[in-house]
Amino acid sequence: MTTPDPTQTPVAPGTIGVLFMAYGGPESLEDMPGYLSDIRAGRVTPASVLDEITNNYRLIGGKSPLPEFTRAQVDATMAQLQKLGRPLKAYIGMRHWSPWIEDAVRDMLDDGIQQAVAIVLAPHYSSMSVAKYQKKIKAGLEMNHGHIDFVFIDDYHTEPGYITALADRVRQGIQEFPEGERDDVHVVLSAHSLPVRIKREGDPYADQLMESAQLVAKQAGLRDDQWSWSFQSAGRSPEPWLGPQLDEHLTDLAGQGVKKVVSVPVGFVSDHVEILFDIDIAAQEVARELGMTLVRPPALNTDPLFIGTLASVIGRALPEA
Ligand SMILES: C=CC1=C(C)c2cc3[nH]c(cc4nc(cc5[nH]c(cc1n2)c(C)c5CCC(=O)O)C(CCC(=O)O)=C4C)c(C)c3C=C
Ligand SMILES: [Fe+2]
Ligand SMILES: [Fe+2]
């Protein structure tokens, strides 16, 4: 066995780290108590909530597909970035499960990375989402007594490739209905809810979502009365969360005579429980009970336009050569 030379860094000098961060997801049902404990910041998860969420994951295959989609998105984005001819190395860090952001930062320090770009696989900024990922990077640096010059990408919610990819999804969803019925289809754009208090605190999240939604609707050529906004997947805490929630919203739409719905979540960039359970199972059931047909086109995942967006945003954030 060879002893590693401590003076030899494993990456070429000048290599820039690209840290991709995502929410993280359980790899098996046994992970659920630990995963929920991290999301709930150590607060005990009531048994009924643990059972309910574990069952939701059971219904989508017993694990989260998010880690695999994240890896595929990272590989595809790095393949695009390679064309720039710059020395880059990708790292993946999750906020709520392994591989943890703090561990990715330690790996970067071990590799001798001095400059890096950090991006969250979530296009909209909030103090309760993107800011928390960035805080974890800082914690990782402190924990390991290291320094890396990070460029933080805060948001990319108006990027043309991202908007076009979503507008394509909207059109794809509408085309699932017979030609003569398409004028009656109503599009519901949505994103993860957050507690209402973020609005009082001046958080840009809700405004950024609305900007994305308006751009998508315009690009998809929707009439103003042909689309609407809804939040989804509110957490189980007693404080008020941003609404309307998807189930209430579908009920309202049904009351207005809407029978055909296309659901496009604009805040999520890959398939995970908030889409596969909250929309494909829970919202579908509500729609069925209301006599509606609900179509949910595929998530962005490795859509080339979305991957091109990630590569372009990261490329622009790279430090000067
Ligand atoms: C913009 C903010 C959030 C995004 C995006 C988000 C994505 C996301 N969430 C889950 C799974 C769960 N989230 C849960 C709670 C929860 N989520 C957010 C915010 C975002 N989540 C908050 C503020 C909270 C509440 C935390 C708390 O302190 O209670 C939970 C726990 C159960 C619950 O409260 O519903 C789960 C599970 C995934 C998979 C996901 C994907 C990107
Ligand atoms: Fe969450
Ligand atoms: Fe959630």
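The values are calculated or read from the model by the stated rules, or taken from the named source; none is laboratory data. These figures come from a predicted structure and were not determined experimentally. All Cβ positions, even for glycine, are placed from backbone atoms using ideal geometry, and neighbour counts span all protein chains on display. Surface accessibility is based on the protein's heavy atoms, side chains included, excluding ligands, DNA and RNA. Shrake-Rupley method; radii C 1.70, N 1.55, O 1.52, S 1.80 Å.
Observations, loosely collected:
- Qualifying residues in region 225-238 (those that are at pLDDT 95 or above and either among the charged types (D, E, K, R) or part of a strand (DSSP E or B) (or both)) - the one farthest from LYS199 (Cα to Cα): ASP225
- Residue selected from region 285-321 under the condition β-branched (Val, Ile, Thr) and crowded, with 19+ Cβ neighbours inside 10 Å, by the criterion farthest from the chain's Cα centre (by Cα): VAL295
- Index of the failed condition, TRP227 passing every other in (1) touching a residue at least 12 places away in the same chain (Cβ under 8 Å); (2) within 16 Å of VAL295 (Cα to Cα); (3) open to solvent by 80 Å² or more (accessible area, probe 1.4 Å): (3)
- Scanning region 87-126 for residues that are closer than 30 Å to ALA213 by Cβ and of a type in the set (A, V, I, L, M, F, W, C) yields ILE92, MET94, TRP97, ILE101, VAL117, ALA118, ILE119, VAL120, LEU121, ALA122.
- Taking region 25-36 as the range and being within 15 Å of ligand 3 (Cβ to nearest atom) and over 12 Å from MET94 (Cβ atoms) as the test, the residues that pass are MET32, LEU36.
- Unique match (being of a type in the set (D, E, K, R), away from ligand 2 (no atom under 16 Å from the Cβ) and touching an Asp or Glu at 6+ places or on another chain (Cβ under 7 Å)) among ARG223, ARG296: ARG296
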